[in-house]
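Here is the structure we will look at.
The values are calculated or read from the model by the stated rules, or taken from the named source; none is laboratory data. Here the structure is a predicted model, which is why all the values come from computation and not from measurement. When we count neighbours, we look across all protein chains shown, and the Cβ atoms used for this are built from the backbone with ideal geometry, even at glycine. The accessibility values were calculated without ligands, DNA or RNA, using every heavy atom of the protein model including side chains. Shrake-Rupley method; radii C 1.70, N 1.55, O 1.52, S 1.80 Å.
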Amino acid sequence: MSNEPEYDEITDTYTTGHEWDGVKELDTPMPRWWLWTLYATIIWAVGYWIAMPAWPLVNDYTKGVLGYSQRDVVAAQLNEAKEARKIYSEKLLSADLETIKNDQDLLEFSMASGKAVFGDNCAGCHGSGASGAKGYPNLNDDDWLWGGSLDEIHETITVGIRGVHDDTRISDMPAFLTDEFLDEGQIKDVAAYVTSLSDTSVAAPSGSFEIYQENCAACHSEDATGNKDFGAPNLADSIWLFGDDQQSLISTISYSRKGVMPSWAGRLDPATIKALAVYIHTLGGGE
Amino acid sequence: MAKKPQDFESPQQTTKPIVPHADVERATVDAVNKSEYRSLYAAQKKIHPKRAKGTFRTIKWWVMIVTLGIYYLSPWIRWDRGPEIPDQAILVDITNSRFYFFFIEIWPQEVYYITGLLILAAIALFLVTSTAGRIWCGYTCPQTVWVDLFLVVERFVEGERNARIKLDNAPWSWSKLAKRTTKHIIWLVISVLTGGAWVFYMNDAPTLMAELIAFDAPLTTYFWIALLTFTTYILGGFAREQVCTYMCPWPRIQGVMMDNDTLSVMYKEDRGEPRAPHKKGDSWEDRGDCVQCRQCVVVCPMGIDIRDGLQLECIQCSLCIDACDEVMEKIGRPKGLIAYDSLANFDRRANNEPEKIQIIRPRTLFYTLLIIIVGGGIFYGLMNRADLEVNILRDRNPLFVQLSSGDIRNGYTIKILNKSHDIRRFSLSISGLPHYKMNVVGIQETTAEGLPVIEVGRDRLRSVKIYLTVPREDLTSDSINFTITAKDLGSDSISENITSFKGPKT
């Protein structure tokens with residue numbers, strides 16, 4: 001509703017002529033300084049364009065004379081964080097793994113930083129919860145190919161498995177079918193035999209025990225509990241890296257498996273590898 | 001400026017000679033919004049309040065001393081909380097995310113106490129406002145207190161109202177320059193001290209003081225001091241009454257808390273009118289007690305006339321009461337022409353009824369009740385604040401782990417919050433889980449019964465990882481609820497927490 005402005009005696013002011021449900025709006029002048037603050041913000045804005053990154057150009061943007069960049073700020077903050085962590089990194093470097101595990105501060109630091117490093121570097125294969133996948137070991141359980149002590153985990157991370165490191169862990173299971181050590185029938189029998197060790201519903205065929213002892217026991221040991229010196233898996237437990245069905249087992253025996261883990265020496269600094277080893281050890285399966 | 005109606009309806013004659021064009025009808029009229037008639041912007045009119053003398057001025061001096069004293073000194077009060085804990089009575093410890101207030105200590109997740117305190121403050125403000133009007137604005141608002149302080153300086157350097165007006169109108173001279181410079185320097189010193197006091201609430205005051213003097217304090221500290229110096233200087237020295245009239249929302253809100261019985265600083269027009277100057281010895285018959293001396297206007301820090309009635313600009317500082325009472329005493333009339341009064345009393349006097357101050361009303365009772373409820377709630381909460389909190393977070397990735405033996409293992413993160421100022425030791429025990437094995441990462445110490453013992457530092461949170469392993473054959477269901485009990489070995493108090501053990505579908 002807009003009417004003619006009216007004079008209001010009490011305030012000695014005219015109304016704007018606007019009226020809502022009988023409430024009229026006085027045309028009270030704004031304070032002058034209000035206008036100044038508006039001008040001040042305009043001047044501030046112009047100054048801001050000059051000082052700070054502001055206008056988009058075709059391929060670039062105006063950088064501003066102060067040279068401020070959020071990217072630089074983040075980089076500086078990351079460096080600061082690194083500096084702040086330095087006391088821990090240095091302690092980690094000089095302490096042996098057992099000491100780290102028994103020191104509350106170092107343990108908490110390793111668990112936290114190890115988790116972050118694991119997420120960045122290891123989770124791609126082992127999964128973010130370290131539960132692995134077919135062909136990629138679960139690091140939470142107590143079944144270790146190359147050993148689950150702190151030192152063994154540390155060594156595995158450092159040199160890798162079948163990697164390019166000079167001291168890399170290496171083992172070679174024969175492909176029993178292609179290399180013509182066993183025929184298909186024998187392979188099927190021995191597969192049934194190793195399954196029977198952990199699964200009571202499967203019966204070991206006659207003669208399979210002898211096949212196992214002649215061909216497999218050298219590496220996987222006579223009682224099939226494996227040998228961590230060769231990275232030979234325990235065949236008597238119920239954990240199967242490449243699947244627990246007969247077909248997967250037959251395939252493994254026939255054609256062999258050769259999982260590869262990169263060596264992390266040189267990619268991660270020694271303190272980080274230590275923290276990572278402690279973190280993995282605390283996932284529950286550490287020996 | 002807006003003009004009176006007569007100006008509006010019959011604008012000024014134009015002084016231009018009329019160009020002769022006989023066939024064109026001419027009118028002498030101007031546009032209503034012609035610039036001479038109105039301005040979109042009003043300039044601030046400088047107010048030079050005269051210092052009042054009397055009861056309310058004295059009260060205001062004391063309020064000023066107490067409030068400024070609290071502000072400047074309270075960060076320096078010490079409060080012993082034991083080793084490793086700050087000993088500052090009032091401290092907002094942002095780095096360690098703690099808030100200390102004498103015997104109260106609040107962790108970030110307990111911020112609802114502060115919310116409650118703010119709600120309590122708001123309701124208390126409502127109660128005071130509905131009882132006696134703008135007490136907050138007139139006496140205790142920082143804006144009022146600091147403007148009052150700045151006025152003390154202004155009066156000290158430049159003299160009383162008339163001298164100040166004269167100085168304002170005088171051309172620039174060395175003496176004017178000296179006075180102005182002195183005034184602004186003192187204002188700036190007060191402003192720096194104001195900003196300086198603020199940062200002590202966020203840091204250990206003596207330590208920060210040493211750092212500040214050595215120019216060794218963090219940059220943010222100097223930033224806060226600079227910011228509050230700037231706002232104090234601008235708001236206290238220049239903006240003054242503009243803050244109350246234009247910036248502050250509170251004057252507009254509080255109208256709804258007031259009613260006819262609310263006490264306000266009011267001019268009793270039934271007694272004062274008709275106003276007129278009065279000569280000594282003249283009769284007081286057929287006239288009001290107001291002698292048109294305008295002392296109520298000259299003492300007003302808002303520069304208004306209380307005789308115009310209740311108005312937005314009036315912060316109810318009561319200084320006009322002092323000014324008027326002084327005059328009434330001189331001319332031998334009863335005091336209280338301007339006084340704390342209610343609209344209801346205006347009606348009562350008009351009806352020849354006795355005056356009455358009605359403080360107990362449904363509105364004030366309601367606010368009091370709310371204060372008791374909210375305040376009681378907060379007090380109860382603080383008195384019964386648990387100094388131990390245990391949170392159990394079950395691993396979800398992986399949900400469970402099957403071990404080579406076929407056994408199932410679950411992982412848990414246990415967070416123990418020790419809010420007391422003593423180092424405490426807790427044993428962890430499990431109940432409701434069959435044949436479990438427990439392994440706590442990094443904990444070697446056990447009780448005589450073999451339970452793991454976790455030590456948590458003063459005022460600290462410690463989180464530990466525990467693993468529970470249960471034989472496959474004992475898992476009767478894919479989820480078993482059980483209890484983890486943390487027992488304080490010092491006091492034997494316990495915290496029981498129910499969580500679940502997950503396994504494969506059976």
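What the table shows:
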read-out: Accessible surface ranking that places the most exposed of B:Asp216, B:Asp325 first, with a 1.4 angstrom probe; value: B:Asp216, B:Asp325
read-out: Rg/Rh ratio calculated on Cα atoms of the range B:388-502 (Kirkwood radius); value: 0.98
read-out: Rounded tilt (10° steps) of B:362-383 against the dominant C-alpha axis of chain B; value: 30
read-out: Average beta carbon contacts from partner chains per residue of A:119-126, 10 Å cutoff; value: 0
read-out: Ordering of B:228-240, B:156-168 by burial proxy (mean other Cβ atoms within 10 Å per residue, highest first); value: B:228-240, B:156-168
read-out: Summed residue charge, Cβ within 15 Å of B:Trp172's Cβ, Lys/Arg positive, Asp/Glu negative; value: +3
read-out: Folded to 0 to 90 degrees: helix A:246-255 orientation relative to chain A principal axis, Cα; value: 70
read-out: Gaussian network model of chain A, Cα within-10 Å springs - most flexible of A:Pro137, A:Pro31, A:Pro56; value: A:Pro31
read-out: For B:Cys244, solvent-accessible area (1.4 Å; no DNA, RNA or ligand), Å²; value: 20
read-out: Ellipticity estimate at 222 nm from DSSP helix runs (n ≥ 4, -39,500 (n - 2.57)) divided over chain B, nearest 500; value: -11000 deg cm²/dmol
read-out: Of A:Ser69, A:Ser113, A:Ser221, the one that fluctuates the most in a GNM where chain A has Cα springs shorter than 10 Å; value: A:Ser69
read-out: Shape box of the range B:48-255 [Cα atoms, principal axes, largest first, Å]; value: 61, 49, 29
read-out: Euclidean distance between Cα centres, the range B:271-318 to the range B:390-457, Å; value: 78
read-out: Whole-angstrom Cα spans of chain B along principal axes, big to small; value: 116, 65, 60
read-out: A:Asn227 long-range amide H proximity, modeled H, under 5 Å; value: A:Ala232
read-out: Average partner coverage of B:397-409, which counts Cβ from other chains inside 10 Å; value: 6
read-out: Rounded tilt (10° steps) of A:184-198 against the dominant C-alpha axis of chain A; value: 70
read-out: Principal semi-axes in Å for chain A [√(5λ), Cα gyration tensor, largest first]; value: 72, 27, 19
read-out: For chain B, cysteines whose Cβ has no other cysteine Cβ within reach (under 4.7 Å); value: B:Cys137, B:Cys141, B:Cys244, B:Cys248, B:Cys290, B:Cys293, B:Cys300, B:Cys314, B:Cys317, B:Cys324
read-out: Where only C-alpha atoms are counted, convex hull volume of the range B:263-394 per residue in Å³; value: 196
read-out: Most mobile listed residue (A:His18, A:His126, A:His165) in chain A, GNM with C-alpha springs under 10 Å; value: A:His18
read-out: Among B:Ile423, A:Ile211, B:Thr262 - extreme Cα towards positive end, dipole of the protein assembly as shown, charges at beta-carbon; value: B:Thr262
read-out: Test item: Cα-centred dipole of the range B:294-411, Lys/Arg +1 and Asp/Glu -1 on Cβ, debye; value: 260
read-out: Placed amide H near B:Met266: partners under 5 Å, 5+ positions off or other chain; value: B:Ala339, B:Tyr340, B:Asp341
read-out: Cα gyration tensor of the protein assembly as shown - equivalent ellipsoid semi-axes, whole Å, descending; value: 83, 33, 27
read-out: Reciprocal of mean inverse Cα separation for the range A:12-105 (Kirkwood radius, Å); value: 20.2
read-out: Magnitude of the charge dipole, the protein assembly as shown, Cβ model with Lys/Arg +1 and Asp/Glu -1, debye to 20; value: 4940
read-out: Size of charge dipole - chain A - debye, nearest 20, with Cβ of Lys, Arg +1 and Asp, Glu -1, no other charges; value: 960
read-out: Dipole axis of the range A:33-134 (+1 Lys, Arg; -1 Asp, Glu on Cβ), positive-most option in A:Asn59, A:Trp44, A:Ser89; value: A:Asn59
read-out: Shielding by partners, peptide B:440-446 (average Cβ within 10 angstrom, other chains); value: 4
read-out: Volume per residue that the Cα convex hull of the range A:190-287 spans, once the total is divided by residue count, Å³; value: 127
read-out: Sulfur and carbon atoms: percent of accessible area, the protein assembly as shown [1.4 Å]; value: 60
read-out: Selection from B:Ser173, B:Trp187, B:Val63 lying farthest towards where the dipole of the range B:48-255 points positive, charges on Cβ; value: B:Ser173
